[in-house]
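Report on the structure given below.
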Amino acid sequence: MTAQPQPIDLPAVKDAVEEITKEMFACSDRGEATKRIGPLSEVDTRQFGIAILTREGDLVCGGDADTPFSIQSISKVFSLELALERYGEKLWDRCGRDPSGDPFNSIIDLERHKGHPRNPFVNAGALVVIDALLDALSADEEVQAVIDFVARLLDGEAFSLNEEIAEADRTGSHLNRALLSLAKHFGNVNNAIADVLRAYVRQCAIELSCRQLARVGRFLMLEGPDDRACPREDAARRARRILALMMTSGQYDGAGEFAYRVGLPAKSGIGGGILAIAPNTASIAVWSPGLDESGNSLLGTRALEMLTDRLDWSSFGRVRTR
Ligand code: GLN
């Protein structure tokens with residue numbers, strides 16, 4: 001992988017966004033919205049949004065970039081950042097860092113590994129990360145910490161948390177409850193299952209637009225338009241490690257396919273959003289509610305594939321000479 005900053009050709013970024021947006025709206029195969037959470041199953045799959053924040057601070061948007069959507073599992077990146085900031089490497093006593101090859105909510109591997117989740121992005125891992133935060137914070141404080149983190153990166157711009165979606169997620173969370181019970185059985189959950197679950201579904205229910213999500217993602221860019229995106233060395237090192245986990249596990253059992261096609265570290269959510277980072281170059285948010293069989297946005301992935309090809313932004317190096 002190259003860590004070389006690449007020159008950003010803003011007119012080319014604008015052309016690519018315009019063309020991709022047009023193409024995505026014209027697609028007839030759009031995938032299906034998740035059935036897992038009632039209100040999300042009704043979201044119109046004709047929507048598509050994209051926003052790119054460059055390291056120079058330019059923001060290029062297309063389509064429904066200002067429509068807020070449910071960030072769902074993208075929030076796992078934010079709670080992981082908070083837990084790593086608090087506990088450092090000790091966090092990994094409780095969670096692995098390897099791809100699972102299983103769906104996001106699979107329970108099979110958790111028994112095999114005696115309650116030790118494969119990585120922090122499958123549900124089992126995200127729940128254990130939140131449990132670690134709840135060793136120090138109440139469930140409400142944990143959610144507030146995630147909200148404060150997002151608000152800081154948005155310079156205080158308003159966004160919401162959809163309580164109806166959180167409640168629908170919570171009541172339908174039989175598998176998440178089972179994951180927590182199994183991990184607790186093996187001594188890897190310290191807090192009450194109901195508290196961990198409540199914090200989890202509420203942070204998942206945060207709603208952001210693509211324009212906002214791209215701005216929040218700048219803490220992972222390594223270089224960027226302000227000092228929150230050019231963090232001190234320890235924060236930058238943490239960002240680099242989170243990017244490695246996003247590359248290997250950010251799309252669950254679809255991570256290998258995604259790396260092959262897109263070549264960027266990214267995290268998806270079943271609301272249809274994807275946050276992708278071109279290291280040292282850009283923070284990219286895409287959203288389209290229709291999902292593929294791994295629960296990742298079908299058109300979001302296709303749009304990112306077109307984008308990295310057009311702009312030559314793969315983490316695995318450039319193919320064009322300039
Ligand atoms: N809250 C959702 C769940 O646990 C998040 C899943 C996702 O976005 N992949 O089912």
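The values are calculated or read from the model by the stated rules, or taken from the named source; none is laboratory data. Keep in mind that this is a model prediction, so the values were computed, not measured. Counting neighbours? That spans all protein chains shown, and the Cβs are built from the backbone with ideal geometry, glycine included. Heavy atoms of the whole protein, side chains included, go into the accessibility calculation; ligands, DNA and RNA do not. Shrake-Rupley method; radii C 1.70, N 1.55, O 1.52, S 1.80 Å.
Of everything in segment 25-58 that is hydrophobic (A, V, I, L, M, F, W, C), within 16 Å of the ligand (Cβ to nearest atom) and part of a loop (DSSP other than H, G, I, E, B), the residue that is least open to solvent (accessible area, probe 1.4 Å) is Ile37.
Of all residues in segment 282-299, those that are closer than 20 Å to Leu53 by Cβ and out of contact with any Phe, Trp or Tyr (no Cβ under 6 Å at 6 or more places or on another chain) total 6. Only residues that are modelled with pLDDT of 95 or more and crowded, with 16+ Cβ neighbours inside 10 Å were counted across segment 7-24, and they come to 6.
From Gly272, Gly290, which residue is within 23 Å of Glu207 (Cα to Cα) and in contact with a Pro (Cβ under 6 Å, 6 or more places away or on another chain)?
On the way: Gly290 fails: in contact with a Pro (Cβ under 6 Å, 6 or more places away or on another chain).
Every option except Gly272 fails the conditions.
So, of the residues in segment 149-188 that are polar (S, T, N, Q) and in a helix (DSSP H, G or I), which turns out to be nearest to the ligand (Cβ to nearest atom)? Break it down stepwise before answering.
Looking only at segment 149-188, we keep the residues that are polar (S, T, N, Q), and these are 160, 162, 171, 173, 176, 181, 188.
With in a helix (DSSP H, G or I) added as a condition, the list becomes 171, 176, 181.
Values: Thr171: 12, Asn176: 5, Ser181: 15 Å.
Taking the candidates together, the pick is Asn176.
Taking first residues from segment 119-138 that are within 19 Å of Ile74 (Cβ to Cβ) and part of a loop (DSSP other than H, G, I, E, B) and partners that are open to solvent by less than 10 Å² (accessible area, probe 1.4 Å) and among the charged types (D, E, K, R), the Cβ contacts under 7 Å between residues at least 6 apart in sequence or on separate chains come to Pro120/Lys76; Phe121/Lys76; Phe121/Lys267. Residues that are more than 13 Å from the ligand (Cβ to nearest atom), in contact (Cβ under 8 Å) with a residue 24 or more places away in the chain, touching a Leu at 6+ places or on another chain (Cβ under 9 Å) and in a loop (DSSP other than H, G, I, E, B) occur at least once in segment 107-115.
Would segment 127-144 turn up any residue that is open to solvent by less than 40 Å² (accessible area, probe 1.4 Å) and closer than 23 Å to Leu291 by Cα? So far as segment 127-144 goes, yes, one or more of its residues are open to solvent by less than 40 Å² (accessible area, probe 1.4 Å) and closer than 23 Å to Leu291 by Cα.
State whether one or more residues within segment 247-262 are within 14 Å of the chain's Cα centre (by Cα), outside any helix (DSSP H, G or I) and closer than 14 Å to Val77 by Cα. For segment 247-262, residues within 14 Å of the chain's Cα centre (by Cα), outside any helix (DSSP H, G or I) and closer than 14 Å to Val77 by Cα: present.
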